[in-house]
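Notes for the one structure printed next.
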Amino acid sequence: MLSPTEVLSSILANPKDLEHVRSLVTPDVTYVSLNYDNPDLKKIMPWAGTSHGPESIVRTFIDVGRYWKVESFEPQAVFGSDVYAAMFGRFTYRSVFLSKLVTTPFAVFAKVERGRCSYLQFMEDTFATGASFRSGGSWTFQSDPDGGRVIV
């Protein structure tokens, strides 16, 4: 039986192959991509949010490949316990439509029991990756409690 780190690494080594992913996850696997539920982000990245089943993982990685050209995907650390696994690294994507290049850290968390992943969560710098689709306009932010606005 594969360890949690081996299961996680194997899923991410071939996430577009449904039979491969299906062999490593439970039929009702919960997949959280970027956030739990953000309707505005889902308009930009349709895979964002919480979904279920191996098909949702595969669909996400296929869609990511449609929206961006993956220039690099570099795991830098993988570790875990008897139930959990985590992977940290960096990737570089180029948006297909605008050809904007972005490099961001990523973190993946998995829960694996009896050799099958039942929960998978993928996080990245969504501000950066979303900006690779930005075609115009400006955003105004007010985050500093002492005042001041930032326009990006």
Exercise. Looking at residue 14, is it free of Cβ contacts under 8 Å to residues at least 12 places away in the same chain, closer than 21 Å to residue 106 by Cα, touching a helix residue (DSSP H, G or I) at 6+ places or on another chain (Cβ under 8 Å) and among the polar types (S, T, N, Q)?
Worked result: yes
For this session: Please work out which residue is surrounded by the fewest Cβ atoms within 10 Å (Cβ to Cβ), limiting yourself to region 31-50 and to residues that are part of a strand (DSSP E or B) and of a type in the set (Gly, Ala, Ser).
Result: 49
Problem set entry | Close pairs (7 angstrom Cβ cut-off, 6 or more residues apart or separate chains): acidic (Asp, Glu) in region 71-94, in a strand (DSSP E or B) anywhere | 71/92; 71/93; 71/94; 74/89; 74/90; 74/91
Exercise. For region 99-127, what are the residues that are more than 27 Å from residue 29 (Cβ to Cβ) and in contact with a Ser or Thr (Cβ under 6 Å, 6 or more places away or on another chain)?
Worked result: 100, 102, 103
Problem set entry | Total residues in region 122-151, condition surrounded by 10 or more Cβ atoms within 10 Å (Cβ to Cβ) and touching a Lys or Arg at 6+ places or on another chain (Cβ under 9 Å) | 5
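Say we look at region 72-118 and pick out the residues that are charged (D, E, K, R), part of a strand (DSSP E or B) and surrounded by 15 or more Cβ atoms within 10 Å (Cβ to Cβ); which of these is nearest to the chain's Cα centre (by Cα)? Give the steps one after another, and end with the answer.
Pass one, region 72-118, residues charged (D, E, K, R): 74, 82, 90, 94, 100, 111, 113-114, 116.
Subsequent filtering for residues that are part of a strand (DSSP E or B) retains 74, 90, 94, 111, 113, 116.
Then keep just the ones that are surrounded by 15 or more Cβ atoms within 10 Å (Cβ to Cβ); that gives 90, 111, 116.
Details: 90: 11, 111: 16, 116: 19 Å.
Top of the filtered list is 90.
Would it be correct to say that residue 19 is more than 20 Å from residue 113 (Cβ to Cβ), modelled with pLDDT of 95 or more, of a type in the set (Asp, Glu) and over 14 Å from the mean Cα position of the chain (by Cα)?
On the way: more than 20 Å from residue 113 (Cβ to Cβ): yes; modelled with pLDDT of 95 or more: yes; of a type in the set (Asp, Glu): yes; over 14 Å from the mean Cα position of the chain (by Cα): yes.
When the stated conditions are applied, residue 19 passes them.
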Problem set entry | Breaking point among (1) part of a strand (DSSP E or B); (2) more than 25 Å from residue 136 (Cβ to Cβ), for residue 56 | (1)
For this session: Can you confirm whether region 17-28 contains a residue that is touching a helix residue (DSSP H, G or I) at 6+ places or on another chain (Cβ under 7 Å) and either of a type in the set (D, E, K, R) or closer than 21 Å to residue 104 by Cβ (or both)?
Result: yes
Problem set entry | region 54-63 - residue that is out of contact with any Ser or Thr (no Cβ under 9 Å at 6 or more places or on another chain) and surrounded by 17 or more Cβ atoms within 10 Å (Cβ to Cβ) and, of those, farthest from residue 102 (Cα to Cα) | 58
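The values are calculated or read from the model by the stated rules, or taken from the named source; none is laboratory data. Given the structure is predicted, the values throughout are model-derived calculations rather than measurements. Neighbour counts are summed over all protein chains in view; Cβ atoms, including those assigned to glycine, are modelled from backbone coordinates with ideal geometry.
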